[in-house]
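Asks: Have a look at this one.
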Amino acid sequence: MTPEAEFNLGGVVKEQLLELQEFTLLLWRGFRNIFQRPFYFDDTLRQMDVIGVGSLPIVILTGFFTGAVMALQLSATLAAYGQVERTGELVAISLVRELGPVLASLMVAGRNASGMASELGSMVVTEQIDAMRALGTDPIKKLVTPRLVATLIMNFFLAIIADIFGVIGGWIYAVLGIGLDSRQFWSSAFYALDFRDLVQGLTKPVVFGIIVAAVGCYFGLRARGGTEGVGRATTQAVVAASLLIIMSDFVISRVLITFIGQLH
Amino acid sequence: MLSSTSGHDSLESAGAAGPVLRFENVHLAFDGLAVLRGVSFIARRGETKVLLGEAASGKTLLLKLALGLQRPDSGAVWVLGQPVSDLPESRLFALRRHIGMVFQESALFDSLSVRENVAYRLREEHELTEDTIEQRVRRALSFVELEEAIDKMPGELSGGMKRRVAIARALSSEPEVMLYDSPTGGLDPITSTTIMELIIKLRDENNVTSLLVTHRLQDAYLLATHVWDTQNRRLRAAAPERSHTSFLLLREGKVWFDGDGHQLMNSGDDYVKTFME
C-alpha cells in the first residue's frame, strides 16, 4: 500500500468516526430533550399521526401478504414430512420473531426515514433551521425529539399490527389454499408462541423505530448543496436505515438469546 | 408603533454601558481557507451599520456570528453585553429572543401560515395569552403593511411580501438588534424601496441597532441620506449625520473601511472608490 493510499484510508476512517460521533450526539440530545422543557406534545402527536396512521396501509398489506406467502411456501415443505398441520405454528413464530418487526420497520424506514430526511433537508437548505435557531428554538428539541418519540411508539404498534395481519394472511391461505382446519391453524399458531418470542418481537420494533427516526433526522440535518443535496440525503437515509435494521436484527437476536435463553 | 423597550431589562442594562454589538479581532476559516482575518468593529445603540463587500467576503458570516449560529476560531463577539462567542447553546436561545434576523431568502416556515410564522417566537415563549399574541402579530403585520395576508401560506406570497413577513416575524418579539441579510436581494426597485423604507422606519421609530448586508449601493445611500418623518409617515432627505448609519467595507477577510456616509463618499482610497463606482 502506498503512503498516499494509507493516508486516504486514515482520512476515510477518521471521517466515518466523526460521523458516528455526530450521529451519537444527535441521538443523545434527542433523548435528553424528552425530559427537558419545553415539551412539544402537539408536534409529537402530529408525527405519531404522520408516521403511525400514515404507515398503517403499507404495514397491513406487507404483513398480510408475507403471512400468506409464508403459508404457501412452508405448507409445501411441511407436506413432504407429513407435518402440514404445523403451518400455523411456523407462520406465527417466523412473523412474531423476525418478519413482522423487520418488514414493518423496513416499510416504515422507506416511507418515513426518507420523509424526515427530505423535510429536514429542505429546511436546512432554505435556512429554515437557522431561522428556527434565530427565533430561539432548539431544532433538535422541536424537530428531532418528537420524531424519535413518535417513531419509537408507533413502530412498536405497527409491528404488532403486521404480526396480526400476517397470521391472518397465513390463516386465509391455509384454509382456502391448502384446506387446513381453522381451529387447527389458530391453536397451533397460538400455542407455538411463548414469552421469549414476544420479548424478541416487541423489543426489536422499538430499537428499529429509534434507528428510522435518528437516521432520517441525521441525514436531513446534514444535507448540503440545494435540492441535489436533499435528494442525496433522502437516498442515504433509506439505505442506511434499512441496512442498520437488518444488521441490528442479528445483534438483538443474539443478545436476547444470550439473556433469555435459546428459543425452540 | 412597535416599542423596543418592553421585557428586556436585564440585557438593556448590560448593553447600555457599551456598544450593543462588538466584534473583537474575529478570525474564522473553513477547510483551512481563512474567510475572516481579524475583524473588529462596534455598533452603538440605534445605529445601522451597512456591511459592504464583494461576494464571499464574509458579510453574511458576520450576521451569523452576531447571532451565535457560527462560532469564531478566535476573537470575541459581544451582543447586548453578552459574550455570544462563548455562551453555551442553551443560553444563546434566550439571548436570540432579543435579536431579530431577516434571512436572504426570507426562510419562512413553509408549513405555517403568515399568522403562525409571525407568532412563532411568541408562542415558543409560552408566556403570552392567545389574545396578546394575536394583537402583537397584527401590529407587526400592520407595521409592514401586510395585515391582509395574515391567513395566507408562504407559497401564496410574492418575493417582496415574503421579505416583509420575514421582517414582521423578526419584529414580533420587539428585538433590540436587527440583522438583515440582503433584504432587497432579487427584488424589483419599487419593492426594494418599500423594504428599505420599513428598515429606516424601524431604525428611527424604535431606535433598533442593526447590521445590514447589501450589494445595492442605492440602498446604502438611501439609509445614509434619509430619515423617517413620523409626522408625515414617509421618508425625507436628511444630512448623513442624522441618519445614524455607518458603513463597513470588507476586503480579503479584513475591515477595509469603517466610517459614516460622508467619509465613505469622500474617501480617497482606490479600492473604496472602485467599489463605489
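The values are calculated or read from the model by the stated rules, or taken from the named source; none is laboratory data. What you are looking at is a predicted structure, and each value in this text was computed from that prediction instead of being measured. Glycine also receives a Cβ, built like all others from the backbone with ideal geometry; neighbour counts cover every protein chain displayed.
Asks: Any idea which residue in the stretch A:133-173 is farthest from B:Glu89 (Cα to Cα), counting only those that are within 8 Å of chain B (Cβ to nearest Cβ) and in a helix (DSSP H, G or I)? Break it down stepwise before answering.
Replies: Let us first name the residues in the stretch A:133-173 that are within 8 Å of chain B (Cβ to nearest Cβ), namely A:133-138.
So of that shortlist, the ones also in a helix (DSSP H, G or I) come out as A:133-134.
On the way: A:Arg133: 10, A:Ala134: 11 Å.
Ranking the qualifying residues of the stretch A:133-173, first place goes to A:Ala134.
Asks: Go through the stretch B:44-64 and report how many residues are in contact (Cβ under 8 Å) with a residue 40 or more places away in the chain and within 13 Å of B:Tyr180 (Cα to Cα).
Replies: 9
Asks: Same structure, new question: Among residues belonging to the stretch A:204-248 that are among the charged types (D, E, K, R), more than 19 Å from A:Met154 (Cβ to Cβ) and touching a residue at least 12 places away in the same chain (Cβ under 8 Å), point out the one that is surrounded by the most Cβ atoms within 10 Å (Cβ to Cβ). Steps first, please.
Replies: Of all residues in the stretch A:204-248, those among the charged types (D, E, K, R) come to A:204, A:222, A:224, A:228, A:232.
The next check asks that each one be more than 19 Å from A:Met154 (Cβ to Cβ); those that pass are A:222, A:224, A:228, A:232.
From what is left, the residues that are touching a residue at least 12 places away in the same chain (Cβ under 8 Å) are A:222, A:224.
Values: A:Arg222: 18, A:Arg224: 12.
Across the stretch A:204-248, the extreme among qualifying residues is A:Arg222.
Asks: Also, I was wondering about something else. With A:Ala223, A:Ala162 as the choices, which residue is under 17 Å from the mean Cα position of the chain (by Cα) and either closer than 27 Å to A:Gln128 by Cα or not β-branched (Val, Ile, Thr) (or both)? Walk me through it before giving the result.
Replies: Numbers: A:Ala223 fails: under 17 Å from the mean Cα position of the chain (by Cα).
Of A:Ala223, A:Ala162, the one residue that is under 17 Å from the mean Cα position of the chain (by Cα) and either closer than 27 Å to A:Gln128 by Cα or not β-branched (Val, Ile, Thr) (or both) is A:Ala162.
Asks: Is it the case that A:Leu56 is surrounded by 13 or more Cβ atoms within 10 Å (Cβ to Cβ), of a type in the set (A, V, I, L, M, F, W, C) and either touching a residue at least 60 places away in the same chain (Cβ under 8 Å) or outside any helix (DSSP H, G or I) (or both)?
Replies: Details: surrounded by 13 or more Cβ atoms within 10 Å (Cβ to Cβ): yes; of a type in the set (A, V, I, L, M, F, W, C): yes; either touching a residue at least 60 places away in the same chain (Cβ under 8 Å) or outside any helix (DSSP H, G or I) (or both): yes.
For A:Leu56, the condition - surrounded by 13 or more Cβ atoms within 10 Å (Cβ to Cβ), of a type in the set (A, V, I, L, M, F, W, C) and either touching a residue at least 60 places away in the same chain (Cβ under 8 Å) or outside any helix (DSSP H, G or I) (or both) - is met.
Asks: Can you tell me which residue within the stretch B:134-172, out of those that are polar (S, T, N, Q) and in a loop (DSSP other than H, G, I, E, B), is farthest from the other protein chains (Cβ to nearest Cβ)? Before the answer, list the steps.
Replies: Residues of the stretch B:134-172 polar (S, T, N, Q): B:135, B:142, B:158, B:172.
Okay, now just the ones that are also in a loop (DSSP other than H, G, I, E, B), so B:158, B:172.
On the way: B:Ser158: 17, B:Ser172: 9 Å.
Of everything passing the filter in the stretch B:134-172, B:Ser158 is farthest from the other protein chains (Cβ to nearest Cβ).
Asks: Within the stretch B:46-65, count every residue that is within 25 Å of B:Asn207 (Cβ to Cβ), crowded, with 22+ Cβ neighbours inside 10 Å and within 14 Å of another protein chain (Cβ to nearest Cβ).
Replies: Summing the residues that are within 25 Å of B:Asn207 (Cβ to Cβ), crowded, with 22+ Cβ neighbours inside 10 Å and within 14 Å of another protein chain (Cβ to nearest Cβ) in the stretch B:46-65 gives 2.
Asks: For B:Pro88, which of the numbered conditions (1) within 18 Å of the chain's Cα centre (by Cα); (2) within 12 Å of chain A (Cβ to nearest Cβ) fails to hold?
Replies: Of the numbered conditions (1) within 18 Å of the chain's Cα centre (by Cα); (2) within 12 Å of chain A (Cβ to nearest Cβ), the odd one out for B:Pro88 is (1).
Asks: Now a separate question. Which number in (1) under 24 Å from B:Lys152 (Cβ atoms); (2) facing chain A (nearest Cβ under 7 Å); (3) in a loop (DSSP other than H, G, I, E, B) marks the one condition that B:Arg121 misses?
Replies: Unmet for B:Arg121, out of (1) under 24 Å from B:Lys152 (Cβ atoms); (2) facing chain A (nearest Cβ under 7 Å); (3) in a loop (DSSP other than H, G, I, E, B): (3).
Asks: For A:Leu120, state whether it is within 14 Å of chain B (Cβ to nearest Cβ), hydrophobic (A, V, I, L, M, F, W, C), within 19 Å of A:Gly220 (Cα to Cα) and in a helix (DSSP H, G or I).
Replies: Values: within 14 Å of chain B (Cβ to nearest Cβ): yes; hydrophobic (A, V, I, L, M, F, W, C): yes; within 19 Å of A:Gly220 (Cα to Cα): yes; in a helix (DSSP H, G or I): yes.
Considered against the rule, which asks whether it is within 14 Å of chain B (Cβ to nearest Cβ), hydrophobic (A, V, I, L, M, F, W, C), within 19 Å of A:Gly220 (Cα to Cα) and in a helix (DSSP H, G or I), A:Leu120 comes out as yes.
Asks: Quick check: anything in the stretch B:214-229 part of a strand (DSSP E or B) and over 23 Å from B:Gly100 (Cα atoms)?
Replies: The first filter runs over the stretch B:214-229 and keeps only residues part of a strand (DSSP E or B), leaving B:226-229.
Filter once more, so that each one left must be over 23 Å from B:Gly100 (Cα atoms): B:229.
Yes, some residue in the stretch B:214-229 is part of a strand (DSSP E or B) and over 23 Å from B:Gly100 (Cα atoms).
Asks: Within the stretch B:13-90, considering only strands (runs of 3 or more DSSP E) that don't extend past its boundaries, which have at least 3 residues that are among the β-branched types (Val, Ile, Thr) and modelled with pLDDT of 90 or more? Steps first, answer last, please.
Replies: Details: elements: B:21-30, B:33-43, B:48-53, B:74-79.
Hits in the stretch B:13-90: B:33-43.
Asks: Counting only residues that are more than 27 Å from B:Glu47 (Cα to Cα) and among the small types (Gly, Ala, Ser), which one in the stretch B:91-118 is nearest to the other protein chains (Cβ to nearest Cβ)? Spell out how you get there, then give the answer.
Replies: So the first thing to find is which residues in the stretch B:91-118 are more than 27 Å from B:Glu47 (Cα to Cα), and the list is B:109-117.
If we keep only those that are among the small types (Gly, Ala, Ser) too, we end up with B:111, B:113.
Details: B:Ser111: 9, B:Ser113: 15 Å.
Filtering the stretch B:91-118 for residues that are more than 27 Å from B:Glu47 (Cα to Cα) and among the small types (Gly, Ala, Ser), the one nearest to the other protein chains (Cβ to nearest Cβ) comes out as B:Ser111.
Asks: Take the residues in the stretch B:230-258 that are among the charged types (D, E, K, R), within 18 Å of B:Asn206 (Cα to Cα) and in a strand (DSSP E or B), then tell me which one is modelled with the lowest pLDDT.
Replies: B:Arg234
Asks: Got at least one residue in the stretch A:187-196 being under 21 Å from the mean Cα position of the chain (by Cα) and not β-branched (Val, Ile, Thr)? Talk me through it step by step, then tell me what you get.
Replies: Filtering the stretch A:187-196 down to residues under 21 Å from the mean Cα position of the chain (by Cα) leaves A:196.
If we keep only those that are not β-branched (Val, Ile, Thr) too, we end up with A:196.
Checking the stretch A:187-196: at least one residue is under 21 Å from the mean Cα position of the chain (by Cα) and not β-branched (Val, Ile, Thr).
Asks: A further question on this structure: Which residue out of B:Arg216, B:Arg242, B:Arg163 is surrounded by 21 or more Cβ atoms within 10 Å (Cβ to Cβ) and of a type in the set (D, E, K, R)? Full working, then the answer.
Replies: Numbers: B:Arg216 fails: surrounded by 21 or more Cβ atoms within 10 Å (Cβ to Cβ); B:Arg242 fails: surrounded by 21 or more Cβ atoms within 10 Å (Cβ to Cβ).
The unique qualifying residue is B:Arg163.
Asks: Modelled with pLDDT of 95 or more, in contact with a helix residue (DSSP H, G or I) (Cβ under 8 Å, 6 or more places away or on another chain) and not small (Gly, Ala, Ser): does that describe A:Leu120?
Replies: On the way: modelled with pLDDT of 95 or more: yes; in contact with a helix residue (DSSP H, G or I) (Cβ under 8 Å, 6 or more places away or on another chain): yes; not small (Gly, Ala, Ser): yes.
It is true that A:Leu120 is modelled with pLDDT of 95 or more, in contact with a helix residue (DSSP H, G or I) (Cβ under 8 Å, 6 or more places away or on another chain) and not small (Gly, Ala, Ser).
Asks: Here's a follow-up. May I ask you to list the residues in the stretch A:38-52 that are within 12 Å of chain B (Cβ to nearest Cβ), without any contact (Cβ under 8 Å) to a residue 60 or more places away in the chain and not in a loop (DSSP other than H, G, I, E, B)? Explain how you work it out, then say what you get.
Replies: Residues of the stretch A:38-52 within 12 Å of chain B (Cβ to nearest Cβ): A:38-40, A:42-43, A:46, A:50.
Narrowing further to those that are without any contact (Cβ under 8 Å) to a residue 60 or more places away in the chain: A:39, A:42.
Correct list: A:Asp42 only.
Asks: Out of curiosity, is A:Arg46 more than 25 Å from the chain's Cα centre (by Cα), surrounded by fewer than 21 Cβ atoms within 10 Å (Cβ to Cβ), of a type outside the set (Gly, Ala, Ser) and at negative phi?
Replies: On the way: more than 25 Å from the chain's Cα centre (by Cα): no; surrounded by fewer than 21 Cβ atoms within 10 Å (Cβ to Cβ): yes; of a type outside the set (Gly, Ala, Ser): yes; at negative phi: yes.
Considered against the rule, which asks whether it is more than 25 Å from the chain's Cα centre (by Cα), surrounded by fewer than 21 Cβ atoms within 10 Å (Cβ to Cβ), of a type outside the set (Gly, Ala, Ser) and at negative phi, A:Arg46 comes out as no.
Asks: Looking at the structure I just gave you, is B:Asp131 in a loop (DSSP other than H, G, I, E, B) and more than 10 Å from chain A (Cβ to nearest Cβ)?
Replies: So B:Asp131 fails the test.
Asks: Would you mind stating whether B:Leu249 is crowded, with 21+ Cβ neighbours inside 10 Å and under 27 Å from B:Ala29 (Cα atoms)? Even if it seems obvious, please write down each step before you answer.
Replies: Values: crowded, with 21+ Cβ neighbours inside 10 Å: yes; under 27 Å from B:Ala29 (Cα atoms): yes.
Yes: the conditions hold for B:Leu249.
Asks: Among the residues of the stretch B:126-138, are any within 24 Å of B:Lys64 (Cα to Cα) and crowded, with 18+ Cβ neighbours inside 10 Å?
Replies: Step one: of the stretch B:126-138, the residues within 24 Å of B:Lys64 (Cα to Cα) are none.
No, there is no match, as no residue in the stretch B:126-138 is within 24 Å of B:Lys64 (Cα to Cα) and crowded, with 18+ Cβ neighbours inside 10 Å.
Asks: When residues of the stretch B:210-223 are filtered for being at pLDDT 90 or above and within 15 Å of B:Asp260 (Cα to Cα), how many remain?
Replies: The number of residues fulfilling the criteria is 3.
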